[in-house]
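A.B. asks: A single structure is presented below for examination.
The values are calculated or read from the model by the stated rules, or taken from the named source; none is laboratory data. Given the structure is predicted, the values throughout are model-derived calculations rather than measurements. Positions of Cβ are backbone-derived with ideal geometry, glycine not excepted, and every protein chain shown enters the neighbour counts. The protein model used for the area step is the full one, side chains on, heavy atoms only, and it has no ligands, DNA or RNA in it. Shrake-Rupley method; radii C 1.70, N 1.55, O 1.52, S 1.80 Å.
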Number of protein chains: 4
Amino acid sequence: MKHIKAGVIGATGYTGAELVRLLSCHPNVSLAAVSSVSYEGQRISDIYPNLYGICDLTLSAAGDVITGCDAVFAALPHGLSEEIAANCKDAVFIDLGADFRIADESVYKTWYGKPFLHPGLHGSAVYSIPELHRSEIRDAGIIANPGCYPTASALGLAPAIEGGLIETEGIIIDSKSGVTGAGRGLTQNTHFPDTNEAFSAYKAGVHRHTPEIEQQLSRLAGTDVKVTFIPHLLPVNRGIESTIYCRLKKGVSYKTTRLAYENAYKNERFVRIMPQEVYANIKNVRMSNYCDISLHTDAHTGMLIICACIDNMVKGAAGQAIQNMNIRFGFDESAGLLAAPPAF
Amino acid sequence: MKHIKAGVIGATGYTGAELVRLLSCHPNVSLAAVSSVSYEGQRISDIYPNLYGICDLTLSAAGDVITGCDAVFAALPHGLSEEIAANCKDAVFIDLGADFRIADESVYKTWYGKPFLHPGLHGSAVYSIPELHRSEIRDAGIIANPGCYPTASALGLAPAIEGGLIETEGIIIDSKSGVTGAGRGLTQNTHFPDTNEAFSAYKAGVHRHTPEIEQQLSRLAGTDVKVTFIPHLLPVNRGIESTIYCRLKKGVSYKTTRLAYENAYKNERFVRIMPQEVYANIKNVRMSNYCDISLHTDAHTGMLIICACIDNMVKGAAGQAIQNMNIRFGFDESAGLLAAPPAF
Amino acid sequence: MKHIKAGVIGATGYTGAELVRLLSCHPNVSLAAVSSVSYEGQRISDIYPNLYGICDLTLSAAGDVITGCDAVFAALPHGLSEEIAANCKDAVFIDLGADFRIADESVYKTWYGKPFLHPGLHGSAVYSIPELHRSEIRDAGIIANPGCYPTASALGLAPAIEGGLIETEGIIIDSKSGVTGAGRGLTQNTHFPDTNEAFSAYKAGVHRHTPEIEQQLSRLAGTDVKVTFIPHLLPVNRGIESTIYCRLKKGVSYKTTRLAYENAYKNERFVRIMPQEVYANIKNVRMSNYCDISLHTDAHTGMLIICACIDNMVKGAAGQAIQNMNIRFGFDESAGLLAAPPAF
Amino acid sequence: MKHIKAGVIGATGYTGAELVRLLSCHPNVSLAAVSSVSYEGQRISDIYPNLYGICDLTLSAAGDVITGCDAVFAALPHGLSEEIAANCKDAVFIDLGADFRIADESVYKTWYGKPFLHPGLHGSAVYSIPELHRSEIRDAGIIANPGCYPTASALGLAPAIEGGLIETEGIIIDSKSGVTGAGRGLTQNTHFPDTNEAFSAYKAGVHRHTPEIEQQLSRLAGTDVKVTFIPHLLPVNRGIESTIYCRLKKGVSYKTTRLAYENAYKNERFVRIMPQEVYANIKNVRMSNYCDISLHTDAHTGMLIICACIDNMVKGAAGQAIQNMNIRFGFDESAGLLAAPPAF
């Protein structure tokens, strides 16, 4: 069985820790090195006791991860990945941060407040939701792993947009994310008593995933698409549910739409179209790489409502990155991602 | 101090129990009788131990509640209140069920599957969200207390619609409700392990609060308003957050809108317009009769986003019913409703 | 109606915020001043939006609270209250911190690592769980408000110990506390995803409430009592449940024990002995000043098991402090504390 | 690779569904048949949508599961397994119910209220916590899979009892279980709003796991052991934490005890002794077959406190049953059980 060495930079953030958890059980991967600025020199399992006996690697500096790994994952705050990518000469670099997601530098500047650091690298970086970009990454040196909200939004809308079934104006994406989406860093609004039994929107109209969603939908539509995207913080650990509102084009029926979705994803291991009358629910995808989609119409106003659910830490981050790695290295696309989601 | 006797029919459902809790502390009310079909003959505090020493009344039959009370509250599944109303000759009847909410019998038939039982009573029934209908109920014999979702939706949209600030077409209401909204009855999807760490939409386009919302918004607009209303089940006990999407009319600014809201509610004890950049959050209204509203614009698409939060059991049910009672009997409108919401 | 001015020092911690919430609704109190080191100059409702329109006082310095108030509450980390007490010449000082709880300076030194700062003040400080020390505080200048765990433990054990019903050796107190008990400060183990769906013991044998529990039980017993006290962190916002294990003395029956408890608390507004077969549950005391106690025996091993529940923020902190204030100032002991606990 | 056919009787209860989830990913098993009385004829994935595309078997009658399977698992309420065992002539029967757990019929009668139905079968049934009984099941025809509480208690106490380190009198087991432990059946006290933000003991001294714990500890001790066992309901989906109180024998130190535990489990894949000062936490074992144990002493009273955590659905039920199957059929003992527990 083909085997590679992989490393994780930023292994003690939530996304990094989830990568470590999943890579530790991957049949084609030896997890060779993990790094952390905050905990260098400690064992990762002392920071994450769930990993005792599973991964007891000592956390090193980022440079030590790059050397000797075939695949390097980075799970860092934005602004730190370009430099690492520049140093990954021999390794495939899979970036879970935002640095390589936005193709248009001016858009990047607007939303992230700074220019590209290494513009030359961006040409060779490929943004990949595997179900939509599988063929583009087989030789990629840099893979930009999508954000969690954009993954749910794009998978939820792709068949409708590509099939020309909906109006691309006026799309509204009302998203709700579990608290792991905010990361491991301490903030007042992720302090347990402030979050538990609470619920609200945040960053209405200004969340940085907005341009990424629009970039992706515009590509699918072949025209400029703008969306209203409002995220909310959900008092659960994991899961994103996006309720997407759009208008079916004249003459397009629910049945046609449903068939288009079933057809688009019929060979996809990780996308499931729910039976009619079943609502996509984050509980059915937790701890897994699935994206569940349900389709509904409001007979009464003619709107199409698409509910798309993923685990933000798996399909929305670490799992999708591994899926990208699997494709890039020619492994079974679902290798290491087959643990079934628990019902409860 | 003026004093009345009140009774609660259906006291062991969640709404009934919340009425009992609040009425037990009301300065102008003696809670005289409570009824329950399921637990007749038992003390209510044996069913709800939170009430030990606070209300230890024995549960009787509904008929015993009607006799001798000045105000009779009913918290029953729809279809049972008309008969009770017919028997409330001397008492003011405040109905927390759906029977008297829909004015148009044909609409009622469409959504509830049956005609009015006592059409003659409906003329004297007044639907009342106090902030919007205060003046109409001072002599009412029957008060139809609104549903939880319609309360949040109407308070959230009233100033914008009445002020002619938004287009009334294409309004989308994405609502999330805590599990008490589903009541005390046992169902698989309110079983703890099926609900906890879960989240999904339900009854998309077919929830019975839809016609009530539309009836209310149409009255405010003076024209027929249709909405897309999608409820979701939130894994918390209490609280509704409605994120409402609409388009500002040409030339209407965020500032104008904000002023209209502040003005509309400036004398309202129970409606709070959040400072700009603060998001209405269910945690700030729990256990209270407040409705918190925050206003946001997506500069990028020009949408107005209104977030409205209430406690579904208080402002969305028992609290609002007491507020209606206070008005009807000439008490201070906030009597019995002054406990401040806890921060956590 | 008699009326006083009260102030809260440390108003933006959780205990302080709960004091503000409750004092804002107290019929005999004008909340005159609130202070905070971290947020001086801001409105408290900007930090705690649940308080908008209820308490919009501007946060001042501690000194400004002392001046002009009849009652000064301090809700501060230990080590800061003695200095404040020294400055409270004219005001009654009610301390919710630990500084005045331990009478024996050597014990204090052992557990808190430092001597008393103003030993002279300790003589006039009275430790008070009202149900046990009511008569001692009528003229007190300094009232030491008990810790949350000691309150549940002492109320749970008092009738058994005072009545000589149990062996005082080998008492085990297995306590579980909601996360507000850890305060508002950010720590990794109170970060939502680290706490939610988690449960463990902490500080086994070294929690600083241990000497306070033992001091209280020793006074009740008239002899030295040692306990094994193990706290656990419960993924809920509020509530302490203590399961207390002890051995009935030879010849003492469950029935005798039960009668002793019912008798001991028969005139207490805030202590409820659960009917046999009902278990004290934190859900029935949340947001209230109640302490619920249930009594069980393991026929099989002869152990008495006492379950005692309080809301750690109310009876375990702010509520009990107000109860102490009510006694000290001659108000109805339950004034401002009558909001009934919600069932859900 | 050796391969067997397995079936699950009672597949739509929580334990059954967890077996299906885990067996679906087991490298040596083809899940051949699943049964359910309530849902016969439906696909299991229509009842448990998390299984769509993973296991879409149609639910049959129990008899159809027995035929043609090498291993038959039953996850049924007690009282139903003996009859099934009697029919499992050729298949190994692994019972997750209580019918074969208690060896002494008179004890069974006392706690379960009825005699053995097929006393003759009990001789060939082996009770197995693999870490303690591995060698006894290699040829077993019937394997009695332990209860969840007994698993945590026995693994937590075994090295101390077998090593003669503690007094076997006066052991107290204070256990807390997630709500899945109560199963899928609807009850008021597992209804979300009644359970969420709630916590209490239940069945103090009368829980049916008591005799099973005592049977196991008595075997380990070689003498009759009685325990005080008090379970509590924890508002989380999964996980049991048992805090076990016992007295070290004179002269036995914490260090000796710790070494005994490390030694006892040094070759065990699924038992982890936490580093000193780390507390066993249910969050680190969720979704996994691990049992985490931490050891603490109360210097002050000389008590040994053992904290043992498992996932009640995995190590406490389905995972342990698969571990038993792996041993019985000569597979790698950890086959199908290697998914790492998530940190959040």
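A.B. asks: From the list D:Arg238, D:Arg269, which one is modelled with pLDDT of 95 or more and within 14 Å of chain C (Cβ to nearest Cβ)?
C.D. replies: Every option except D:Arg238 fails the conditions.
A.B. asks: Among the listed residues C:Glu268, C:Glu277, C:Glu197, C:Glu262, which satisfies the condition of being acidic (Asp, Glu) and closer than 30 Å to A:Asn50 by Cα?
C.D. replies: On the way: C:Glu268 fails: closer than 30 Å to A:Asn50 by Cα; C:Glu277 fails: closer than 30 Å to A:Asn50 by Cα; C:Glu262 fails: closer than 30 Å to A:Asn50 by Cα.
After applying the criteria, what remains is C:Glu197.
A.B. asks: Using the structure shown, decide if C:Thr58 is modelled with pLDDT under 95 and either among the hydroxyl-bearing types (Ser, Thr, Tyr) or not assigned by TED's automatic domain parsing to the domain that holds C:Arg21 (or both).
C.D. replies: In short, no.
A.B. asks: So if I check each of C:Pro275, C:Pro342, which one is within 11 Å of another protein chain (Cβ to nearest Cβ), of a type outside the set (Ser, Thr, Tyr) and surrounded by fewer than 24 Cβ atoms within 10 Å (Cβ to Cβ)?
C.D. replies: C:Pro275
A.B. asks: Right, another one. Scan A:Leu59, A:Leu76 and give me the residue that is away from every other protein chain (no Cβ under 14 Å) and closer than 22 Å to D:Met274 by Cβ.
C.D. replies: A:Leu59
A.B. asks: What's the number of the condition A:Ala160 fails, among (1) open to solvent by less than 10 Å² (accessible area, probe 1.4 Å); (2) touching a Pro at 6+ places or on another chain (Cβ under 8 Å)?
C.D. replies: Failing condition for A:Ala160: (2).
A.B. asks: When segment A:208-226 is examined, which residues are found to be more than 12 Å from chain B (Cβ to nearest Cβ), farther than 30 Å from C:Asn189 by Cα and under 19 Å from the mean Cα position of the chain (by Cα)?
C.D. replies: A:Glu212, A:Gln215, A:Gln216, A:Leu217, A:Ser218, A:Arg219, A:Leu220
A.B. asks: Next question. If you go through segment C:65-87, how many residues are touching a strand residue (DSSP E or B) at 6+ places or on another chain (Cβ under 6 Å) and farther than 15 Å from C:Met325 by Cα?
C.D. replies: Within segment C:65-87, residues that are touching a strand residue (DSSP E or B) at 6+ places or on another chain (Cβ under 6 Å) and farther than 15 Å from C:Met325 by Cα number 5.
A.B. asks: State whether one or more residues within segment B:259-282 are touching a His at 6+ places or on another chain (Cβ under 8 Å) and farther than 21 Å from B:Val236 by Cβ.
C.D. replies: No, segment B:259-282 contains no residue that is touching a His at 6+ places or on another chain (Cβ under 8 Å) and farther than 21 Å from B:Val236 by Cβ.
A.B. asks: Looking for whichever is open to solvent by less than 10 Å² (accessible area, probe 1.4 Å), within 11 Å of chain A (Cβ to nearest Cβ), touching a strand residue (DSSP E or B) at 6+ places or on another chain (Cβ under 7 Å) and not in a strand (DSSP E or B) here; the options are B:Ala280, B:Ala321. Which one fits?
C.D. replies: Working: B:Ala321 fails: within 11 Å of chain A (Cβ to nearest Cβ).
After applying the criteria, what remains is B:Ala280.
A.B. asks: Just to be sure, is D:Tyr261 outside any strand (DSSP E or B), crowded, with 21+ Cβ neighbours inside 10 Å and more than 11 Å from every other protein chain (Cβ to nearest Cβ)?
C.D. replies: Judged against the criteria, D:Tyr261 is a match.
A.B. asks: Checking B:Ala11 against (1) touching a residue at least 24 places away in the same chain (Cβ under 8 Å); (2) within 14 Å of chain C (Cβ to nearest Cβ); (3) more than 18 Å from B:Gly336 (Cβ to Cβ), which single condition isn't satisfied?
C.D. replies: It fails just one condition, (3).
A.B. asks: Collect the residues in segment D:287-307 that are within 29 Å of D:Arg184 (Cα to Cα) and either open to solvent by 10 Å² or more (accessible area, probe 1.4 Å) or more than 11 Å from chain C (Cβ to nearest Cβ) (or both), keeping them in residue-number order.
C.D. replies: Once the filter is applied, which keeps residues that are within 29 Å of D:Arg184 (Cα to Cα) and either open to solvent by 10 Å² or more (accessible area, probe 1.4 Å) or more than 11 Å from chain C (Cβ to nearest Cβ) (or both), segment D:287-307 yields D:Met287, D:Ser288, D:Asn289, D:Tyr290, D:Cys291, D:Ile293.
A.B. asks: Tally the residues that are in contact with a Leu (Cβ under 8 Å, 6 or more places away or on another chain) and open to solvent by 10 Å² or more (accessible area, probe 1.4 Å), restricting the search to segment A:246-257.
C.D. replies: The total comes to 6.
A.B. asks: Let me ask you something else. Inside segment A:2-86, counting only helices (runs of 4 or more DSSP H) that do not spill past its ends, which hold 1 or more residues that are surrounded by fewer than 18 Cβ atoms within 10 Å (Cβ to Cβ)? Full working, then the answer.
C.D. replies: Numbers: elements: A:14-23, A:44-47, A:62-66.
Counting at least 1 such residues, we get A:44-47, A:62-66.
A quick yes/no check of all residues on (1) charged (D, E, K, R); (2) within 7 Å of another protein chain (Cβ to nearest Cβ); (3) closer than 17 Å to D:Glu277 by Cα:
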| residue | (1), (2), (3) |
| --- | --- |
| C:Leu186 | no, yes, no |
| C:Glu197 | yes, yes, no |
| C:Val206 | no, no, yes |
| C:Thr228 | no, yes, no |
| C:Pro231 | no, no, yes |
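A.B. asks: Next question, about the same structure. For segment A:190-245, enumerate the residues that are of a type in the set (Ser, Thr, Tyr) and open to solvent by less than 10 Å² (accessible area, probe 1.4 Å).
C.D. replies: Within segment A:190-245, A:Thr190, A:Thr195, A:Thr210, A:Thr228, A:Ser242, A:Thr243, A:Tyr245 meet the criteria.
A.B. asks: If the requirement is being over 18 Å from D:Gly156 (Cα atoms) and either touching a Gly at 6+ places or on another chain (Cβ under 7 Å) or not small (Gly, Ala, Ser) (or both), which of these qualifies: D:Leu217, D:Leu233? Give the derivation first.
C.D. replies: Working: D:Leu217 fails: over 18 Å from D:Gly156 (Cα atoms).
After ruling out the rest, the residue left standing is D:Leu233.
A.B. asks: Considering only residues that are charged (D, E, K, R) and open to solvent by less than 10 Å² (accessible area, probe 1.4 Å), look in segment B:90-105 and name the one that is nearest to the chain's Cα centre (by Cα).
C.D. replies: B:Asp95
A.B. asks: Continuing with this model, one more query. Return only the number of the condition from (1) in a loop (DSSP other than H, G, I, E, B); (2) open to solvent by less than 10 Å² (accessible area, probe 1.4 Å); (3) free of Cβ contacts under 8 Å to residues at least 60 places away in the same chain that C:Asn312 does not satisfy.
C.D. replies: Just one mismatch for C:Asn312, condition (3).
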